[in-house]
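The values are calculated or read from the model by the stated rules, or taken from the named source; none is laboratory data. A quick note: this is a predicted structure, and the numbers were derived from the prediction, not measured. Every residue, glycine as well, gets a Cβ built from its backbone with ideal geometry; the counts of neighbours run over all protein chains shown. Keep in mind that these areas ignore ligands, DNA and RNA; they rest on the heavy atoms of the full protein, side chains included. Shrake-Rupley method; radii C 1.70, N 1.55, O 1.52, S 1.80 Å.
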Amino acid sequence: MDFGVSNEMSTMLEMIREFMDREVIPLEGEMLHGDPATLEAGVKAAQAKVKQMGLWAPNHPVEFGGLGLSMVDHGLFAEAVGRSPLGMTVFGTQAPDAGNIEILHKYATNEQKERFLRPLVAGEIRSCFSITEPETSGSNPVLFATTAVTDGDD
């Protein structure tokens, strides 16, 4: 596996670092002590700038509007935006959307991809994940006890 950083990725990381310092980290005060509506407006403005910079949804599939970063490049990206709890949201890679995008990309029908995946990658909609199991923690997928079995044709 090649762990080298390409010139393109180095440039992207520098752009991200500068943007984080200038636009994202200053929003943290609003997140901690300010007005939620003001924070939301600031995040939306930062997201619009990220899209203008061509850095939106870098780990998501190219054919659905992302940049399709490799695993190594995604790790470098995550390190750069992870300096702030707002970083992933501002760049369109927040949970649970990121994981749900991976699932939709791999398993959804073409109709589902157009209806849900494309607007999810674009940041036009949000997704969720939930499960209730009385004997386990529903917030930790590692502890799930539910199983699925084939029953006839489904």
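Once the Cα-Cα distance is subtracted from the 0.36 nm per residue extended length, the residue 129 to residue 79 segment shows a gain of 15.6 nm. Given their separation in residues at 0.36 nm each and the Cα-Cα distance between them, residue 47 and residue 147 gain 32.1 nm when the chain is fully extended. Annotation note: GluC sites (Glu not before Pro) in the range 34-125 located in DSSP loop regions with a Cβ neighbour count of at most 16 within 10 Å are 124.
Matching the structure-derived Rg and Dmax of the Cα atoms in Å against the labelled list (1) 17.8, 57; (2) 16.9, 51; (3) 14.5, 44 gives the label (1).
Taking trypsin sites (Lys or Arg not before Pro) that fall in a DSSP loop and have at most 16 other Cβ atoms within 10 Å as cut points, what is the longest piece of the chain between them? Could you put the intermediate results ahead of the total?
Values: sites that count: 83, 126.
Longest site-free region, per DSSP loop and neighbour criteria: 1-82.
Computed from the Cβ-Cβ distance with R0 of 22 Å, the FRET efficiency linking residue 37 to residue 94 stands at 0.70. In the complete set of protein chains, residue-level accessible area for residue 103 is approximately 100 Å², probe 1.4 angstrom.
Between the range 102-142 and the range 75-98, what's the alpha-carbon centroid distance in Å? Cα centres, the range 102-142 to the range 75-98: 17 Å.
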